[in-house]
């Protein structure tokens, strides 16, 4: 069961880096994350030299003082 603070989180959209081929199966265009998260993009590199973002990991932002 989620708590009240989860319901109050704000979310925003991060656009994926420009890929050389967005027609690759599984290519991503954007990800929605909460304000306390960042994204690490996962790239697929093809034999023809093109690359596409095909995955991601969400990471918790470190608190700075």
Cut-off 17 Å, label point 7 angstrom out along Cα-to-Cβ of residue 18: give me the residues of the range 40-56 whose amide nitrogen falls inside.
50-53
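Would you mind ranking 56, 12 so that the residue whose beta carbon has the fewest other beta carbons within 10 Å leads the list?
12, 56
Please compute the length gained on full extension between residue 11 and residue 36, using 0.36 nm multiplied by the number of residues separating them and subtracting their Cα-Cα distance.
8.1 nm is the gain from fully extending residue 11 to residue 36.
Each reported figure results from applying straightforward, stated rules to the coordinates on display, with no laboratory input. Predicted model, so just to flag it, every value in this text is computed and none were measured. All Cβ positions, glycine included, derive from the backbone under ideal geometry; neighbour counts span all protein chains shown.
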